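Colleague: Take a look at this one; I'll ask things after.
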Amino acid sequence: MSLVLNEDQTMLQQSARDFCREQAPVAVLRHLRDSKHPDGYSAEVWQSMVELGWAGMAIPEAYEGFGFGYSGLGLVLEETGRTLVPTPLVSTVLLSATLINLAGNEEQKLELLPGIARGDSVVALALEETAIHNPLHIELKAVKTGSGYILNGNKDFVLDAHVADQFIVVARTEGESGHQHGISLFTVDAASQGVEVQRLNMVDSRNAGNISLVDVEVPEEALLGQENKGWAALSRTLDIGRIGLAAEMLGGVQEVFERTVEYMKQRTQFGVPIGAFQALQHRAAIMYSEIELCKSLVLKALYELDRGEEAEDIPALASMCKAKLSEIYMLVTNEGVQMHGGIGMTDEFDIGFFLKRARVAQQTLGDAAFHRDRYASLRGF
Amino acid sequence: MHDLEAFRAETRAWLEDNCPASMRTPMPEDEVVWGGRNAVFRNPDSKLWLERMADKGWTTPTWPQEYGGGGLDKAHSLVLAEEMQRIAARPPLVSFGISMLGPVLLEMATHEQKLEHIPKIVRGEIRWCQGYSEPGAGSDLAGLGTKAILQGDDYIINGSKIWTSYADQADWIFCLVRTDFEAPKHSGISFILFDMASSGVSTKPIKLISGNSVFCETFFDDVRVPVSNLVGRLNDGWTIAKRLLQHERTMISGFGLSSGRNNRGGLADSLAETAMLYRGDVVELSDPVLRDQIAQFRIDSEAFTLTSQRSAQEAKQSKGPNATSSVLKNYGCELNKRRYELALQAAGTQALGWESLTEDDSDFSQQELAVARQWLRSKGNSIEGGTYEVQLNVIAKRVLGLPDMTAMVGNTAGKQGATGQNSAAEKTATES
Ligand SMILES: Cc1cc2nc3c(=O)[nH]c(=O)nc-3n(C[C@H](O)[C@H](O)[C@H](O)COP(=O)(O)OP(=O)(O)OC[C@H]3O[C@@H](n4cnc5c(N)ncnc54)[C@H](O)[C@@H]3O)c2cc1C
């Protein structure tokens, strides 16, 4: 098992870093927020990323992707986490493309995946029904009709909801909320009759929305995978999503930490750089150590994902990554603001953007407590 | 590749034939083999196992064959480690010679010195102790005062050391002594080796809070040591001392690893099971707070194990351990301390017995008593090998490049009152 990047990966990382620094810095997010941009992401930046192949990173070559695997996508996500650039990378590439690839039949894959790889479509996963991540709490109902299904219910906190042209809706076709059996997945055109989207303005200025479905009719072909048996693919997708999100968070963690250490070397008080004060030095050294652990977890999890059939322990690795990164992103953003003093509290300064992103990322797909609980169950206690 | 696979097959077969069954079970504290002239083998299989492994040089698989080592490259030694782990084989020999002194001798000693000392470390014939700390020189190690004065072809050594682990059981000592009394304190230290049986050496065990005596006061009264026992250049001992500390830290960080060689088969090795057992839980640990803490501990522990592996892979690309040994040392030690605090919570008052007053241990089992003692011993992890705070200083300065207050005090003295808070001692602490 290798826990160091190979040459290809190092090159990818470097080019992703250069791209994000030059063409997608934090200023992009700031501008989108300040201009109350209707799309919430820059189509121009996204198009450049698509041209770099990022949208097709983890999509198999058979569907016009590049088969670079999740290690590649993870590196890209990590770099986007350093500049917080909002794109459909998480909603569409990390989550939806993965789910389509895992659950879809050949026809569906051929229909949906190339569009994602080409950057033509934004596909959003409509999963949550409460403010707390709970993927088994599915009450949105899909009832079978002669020609297809009728969907009724609500979804919360759907990433990129208002810019999506397709949704993958997690619905219940049987049984009660809380059960794995009876969960089914449907692709739903955003323009369908009965679909209503309410855009949300979140603290991190990234796209999310609530959607409601009232008597939405979909054809039989909209069923992704088998009826009642959507959980397995969904669950694996969520784990991949958690690992990918952890990679993004790792980028943010490192960026905040590096900016903070840099500031400690520059800011002078009492005649010395504040980085000379041992009270701050020790806290910085503790953060550095924690970040080393975060890196190892994310590297290992991405490595395992790309082992395909031989992958081991993915659920536990996903929970370890998400639990640890949630904890450490919180630590580092809090310390980052504190160690910058007054300037850390200003909107003009970037550090606050990371603080805000951290909390939303923590809650997305389960926070530290959720994942420690899940890890304990997976490990048998 | 083919070569590696063949090696794996051979190794597996050899281990199958040569590793006694009892050497494939968790190793109780008192069966750890330290070697030396007065080696104790609680379990006769341990002796057999040591001899067989030493014959192949596999007590130190990567050391050169020329000096009795296994001569394996990293890839082959990894295969050996994996195969040993596969059958849960115990380490045949644990010693400061292997984990601290040997690597430094291989790097910095003369051929003659290596020929004299390395084979005896490999075979566990000589047990070493570490003479660094003194009553007045702990974190500020370079302030040490034990003197070595040249007299003909010998040094005459006078002074005392403290906290010398196992000094009363060791055969030889690697020792820091002052050889220049005028030079700045880092530049007057030398690294020297001598026999603990030399006339003038005496030791006095110190009792720990755990009730055991693992370390001693060590006194030198006109101890005569040949000049040829000096390692490296005269007055350049600090360089060697620091290098050795990096190896020591890497070794100590191993206390935090989540499995394998630390498994003593005790209550603290399976915290969740222990906690469930003492609560009569069947499906799930009923105390949600403890469950969350154990989960957090185990996640950190798995992440730490991965980080040790990653660091080893990175070290392969550079050269040996570096400043990240301080990261690992601290994290490993804190994990070990957390492990035992959790073990106390897991087993409640049953983990707080000091000794058994019954014949059949019906009041406290041996396992329960061991937890209390190990919990107390674990507190030393963040003190030995350079304290937690000293490691944080190393990380802040060597890794993060943060400014050194002591270097600045001179510049700003008199201008600002608040700069005195970091003492001048810091600059000279055991930072490497
Ligand atoms: C179990 C055990 C085994 C040991 N075995 C050996 C051995 O075999 N050989 C050997 O030579 N030594 C050994 N030691 C000694 C060990 O290396 C020293 O105890 C250690 O270096 C600390 O020195 P000290 O005890 O003098 O504490 P001090 O240096 O007096 O430290 C006291 C406190 O002050 C803090 N402090 C000191 N300087 C700073 C600073 N600059 N910044 C912030 N905080 C600071 C320390 O972190 C600590 O919390 C052993 C110790 C233990 C506990």
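The values are calculated or read from the model by the stated rules, or taken from the named source; none is laboratory data. Only a predicted model underlies this, so the values are computations on that prediction, with no experimental measurement involved. Every residue, glycine among them, receives a Cβ derived from its backbone with ideal geometry; neighbour counts consider all protein chains shown. Calculation scope for accessible area: heavy atoms of the full protein, side chains included, ligands and nucleic acids excluded. Shrake-Rupley method; radii C 1.70, N 1.55, O 1.52, S 1.80 Å.
Colleague: Across region A:305-318, what is the number of residues that are touching a Leu at 6+ places or on another chain (Cβ under 7 Å) and within 11 Å of chain B (Cβ to nearest Cβ)?
Modeller: Within region A:305-318, residues that are touching a Leu at 6+ places or on another chain (Cβ under 7 Å) and within 11 Å of chain B (Cβ to nearest Cβ) number 1.
Colleague: Same structure again: When you scan region B:267-289, how many residues do you find that are closer than 30 Å to A:Lys295 by Cβ and more than 10 Å from chain A (Cβ to nearest Cβ)?
Modeller: Within region B:267-289, residues that are closer than 30 Å to A:Lys295 by Cβ and more than 10 Å from chain A (Cβ to nearest Cβ) number 3.
Colleague: Taking region B:134-163 as the search range and keeping residues that are open to solvent by less than 10 Å² (accessible area, probe 1.4 Å), within 10 Å of the ligand (Cβ to nearest atom) and in a strand (DSSP E or B), which one is nearest to the other protein chains (Cβ to nearest Cβ)? Let's see the steps before the verdict.
Modeller: Quick first cut of region B:134-163, residues open to solvent by less than 10 Å² (accessible area, probe 1.4 Å) only: B:137, B:141-142, B:144, B:146, B:148, B:157, B:161.
Filter again for within 10 Å of the ligand (Cβ to nearest atom), leaving B:137, B:141, B:144, B:161.
Add one more test, that the residue is in a strand (DSSP E or B), and what stays is B:137, B:161.
Values: B:Ala137: 21, B:Lys161: 28 Å.
Applying the filter and picking the extreme gives B:Ala137.
Colleague: I would also like to ask the following. Within region B:394-404, is there a residue that is of a type outside the set (Ser, Thr, Tyr), within 8 Å of chain A (Cβ to nearest Cβ), touching a residue at least 24 places away in the same chain (Cβ under 8 Å) and more than 13 Å from the ligand (Cβ to nearest atom)?
Modeller: For region B:394-404, residues of a type outside the set (Ser, Thr, Tyr), within 8 Å of chain A (Cβ to nearest Cβ), touching a residue at least 24 places away in the same chain (Cβ under 8 Å) and more than 13 Å from the ligand (Cβ to nearest atom): present.
Colleague: Just the residues that are under 15 Å from B:Glu341 (Cβ atoms) and either surrounded by fewer than 18 Cβ atoms within 10 Å (Cβ to Cβ) or more than 7 Å from the ligand (Cβ to nearest atom) (or both), please, taken from region B:368-387. Break it down into steps so the answer makes sense when it comes.
Modeller: First, pick out the residues of region B:368-387 that are under 15 Å from B:Glu341 (Cβ atoms): B:371-382.
Once the filter is applied, which keeps residues that are under 15 Å from B:Glu341 (Cβ atoms) and either surrounded by fewer than 18 Cβ atoms within 10 Å (Cβ to Cβ) or more than 7 Å from the ligand (Cβ to nearest atom) (or both), region B:368-387 yields B:Val371, B:Ala372, B:Arg373, B:Gln374, B:Trp375, B:Leu376, B:Arg377, B:Ser378, B:Lys379, B:Asn381, B:Ser382.
Colleague: State whether the residues of region A:342-350 include one that is more than 11 Å from every other protein chain (Cβ to nearest Cβ), in contact (Cβ under 8 Å) with a residue 60 or more places away in the chain and outside any helix (DSSP H, G or I). Steps first, please.
Modeller: Here is the first cut: in region A:342-350, the residues more than 11 Å from every other protein chain (Cβ to nearest Cβ) are A:342-350.
From what's left, in contact (Cβ under 8 Å) with a residue 60 or more places away in the chain: A:350.
If we keep only those that are outside any helix (DSSP H, G or I) as well, we get A:350.
Checking region A:342-350: at least one residue is more than 11 Å from every other protein chain (Cβ to nearest Cβ), in contact (Cβ under 8 Å) with a residue 60 or more places away in the chain and outside any helix (DSSP H, G or I).
Colleague: Any idea which of (1) open to solvent by 50 Å² or more (accessible area, probe 1.4 Å); (2) within 13 Å of chain A (Cβ to nearest Cβ) is the one B:Glu355 doesn't satisfy?
Modeller: (2)
Colleague: Also: Condition first: more than 8 Å from chain B (Cβ to nearest Cβ) and over 21 Å from A:Ala361 (Cβ atoms). Now tell me which residues in region A:285-304 satisfy that.
Modeller: A:Tyr303, A:Glu304, listed by residue number.
Colleague: Against the definition (within 12 Å of the ligand (Cβ to nearest atom), at pLDDT 95 or above and in contact with a Ser or Thr (Cβ under 8 Å, 6 or more places away or on another chain)), how does B:Gly131 come out, yes or no? I'd like the intermediate steps shown before the answer.
Modeller: Working: within 12 Å of the ligand (Cβ to nearest atom): yes; at pLDDT 95 or above: yes; in contact with a Ser or Thr (Cβ under 8 Å, 6 or more places away or on another chain): yes.
It is true that B:Gly131 is within 12 Å of the ligand (Cβ to nearest atom), at pLDDT 95 or above and in contact with a Ser or Thr (Cβ under 8 Å, 6 or more places away or on another chain).
Colleague: Here's a follow-up. Output the number of the condition that A:Asp239 fails; it satisfies all remaining conditions of (1) out of contact with any Gly (no Cβ under 9 Å at 6 or more places or on another chain); (2) in contact (Cβ under 8 Å) with a residue 12 or more places away in the chain; (3) farther than 18 Å from A:Asn334 by Cβ; (4) open to solvent by 10 Å² or more (accessible area, probe 1.4 Å).
Modeller: A:Asp239 satisfies every listed condition except (4).
Colleague: When residues of region A:307-343 are filtered for being farther than 16 Å from B:Leu306 by Cβ and buried (at least 16 other Cβ atoms within 10 Å of the Cβ), how many remain?
Modeller: 13
Colleague: Let me ask something else. If A:Val253 satisfies every condition in (1) touching a helix residue (DSSP H, G or I) at 6+ places or on another chain (Cβ under 7 Å); (2) open to solvent by less than 40 Å² (accessible area, probe 1.4 Å); (3) of a type outside the set (Gly, Ala, Ser); (4) within 13 Å of another protein chain (Cβ to nearest Cβ) but one, which is the exception?
Modeller: Among (1) touching a helix residue (DSSP H, G or I) at 6+ places or on another chain (Cβ under 7 Å); (2) open to solvent by less than 40 Å² (accessible area, probe 1.4 Å); (3) of a type outside the set (Gly, Ala, Ser); (4) within 13 Å of another protein chain (Cβ to nearest Cβ), the lone unmet condition for A:Val253 is (4).
Colleague: Please go through region B:164-183 and pick out each residue that is within 12 Å of the ligand (Cβ to nearest atom), of a type in the set (Phe, Trp, Tyr), farther than 15 Å from B:Leu245 by Cα and crowded, with 21+ Cβ neighbours inside 10 Å.
Modeller: Listed by number, the list is empty, since nothing qualifies.
Colleague: Determine which single condition B:Lys316 fails, assuming it passes every other condition in (1) more than 30 Å from A:Ser326 (Cβ to Cβ); (2) assigned to a helix (DSSP H, G or I); (3) modelled with pLDDT of 90 or more.
Modeller: It is condition (3) that B:Lys316 fails.
Colleague: Give me the pairs: first residue in region B:99-122 and over 15 Å from B:Ala170 (Cα atoms), second residue aromatic (Phe, Trp, Tyr), beta-carbon distance under 6 Å, and six or more apart or on different chains, which are they?
Modeller: B:Lys114/B:Tyr67; B:Ile118/B:Tyr67; B:Pro119/B:Tyr67
Colleague: Okay, next question. Evaluate region A:323-330: report whether one residue or more is more than 9 Å from chain B (Cβ to nearest Cβ), among the hydroxyl-bearing types (Ser, Thr, Tyr) and over 25 Å from B:Gln313 (Cα atoms).
Modeller: In the first step, residues of region A:323-330 are kept if they are more than 9 Å from chain B (Cβ to nearest Cβ); the result is A:325-326, A:328-330.
With among the hydroxyl-bearing types (Ser, Thr, Tyr) added as a condition, the list becomes A:326, A:329.
From what is left, the residues that are over 25 Å from B:Gln313 (Cα atoms) are A:326, A:329.
Yes, there is a match, as at least one residue in region A:323-330 is more than 9 Å from chain B (Cβ to nearest Cβ), among the hydroxyl-bearing types (Ser, Thr, Tyr) and over 25 Å from B:Gln313 (Cα atoms).
Colleague: Oh, and also: I'd like the residue in region B:36-53 that is assigned to a loop (DSSP other than H, G, I, E, B) and free of Cβ contacts under 8 Å to residues at least 24 places away in the same chain and, out of all such residues, is most open to solvent (accessible area, probe 1.4 Å). Don't jump to the end; show me each part of the working.
Modeller: Filtering region B:36-53 for residues assigned to a loop (DSSP other than H, G, I, E, B) gives B:36-43.
Now restrict to residues that are free of Cβ contacts under 8 Å to residues at least 24 places away in the same chain: B:40-43.
Working: B:Val40: 97, B:Phe41: 58, B:Arg42: 157, B:Asn43: 25 Å².
Looking at residues that are assigned to a loop (DSSP other than H, G, I, E, B) and free of Cβ contacts under 8 Å to residues at least 24 places away in the same chain, I get B:Arg42.
Colleague: Right, another one. Please give the number of the condition A:His282 fails out of (1) open to solvent by 20 Å² or more (accessible area, probe 1.4 Å); (2) more than 7 Å from chain B (Cβ to nearest Cβ); (3) not acidic (Asp, Glu).
Modeller: (2)
Colleague: Hey, which of the helices (runs of 4 or more DSSP H) in region A:1-86, taking only ones fully inside, have at least 3 residues that are more than 18 Å from the chain's Cα centre (by Cα)? I'd like the intermediate steps shown before the answer.
Modeller: On the way: elements: A:7-23, A:26-34, A:43-51, A:69-83.
Passing ranges, in order: A:7-23, A:26-34, A:43-51.
Colleague: So which residues in region B:69-90 are touching a residue at least 24 places away in the same chain (Cβ under 8 Å), more than 20 Å from B:Arg310 (Cα to Cα) and open to solvent by 40 Å² or more (accessible area, probe 1.4 Å)?
Modeller: Correct list: B:Arg86, B:Ala88.
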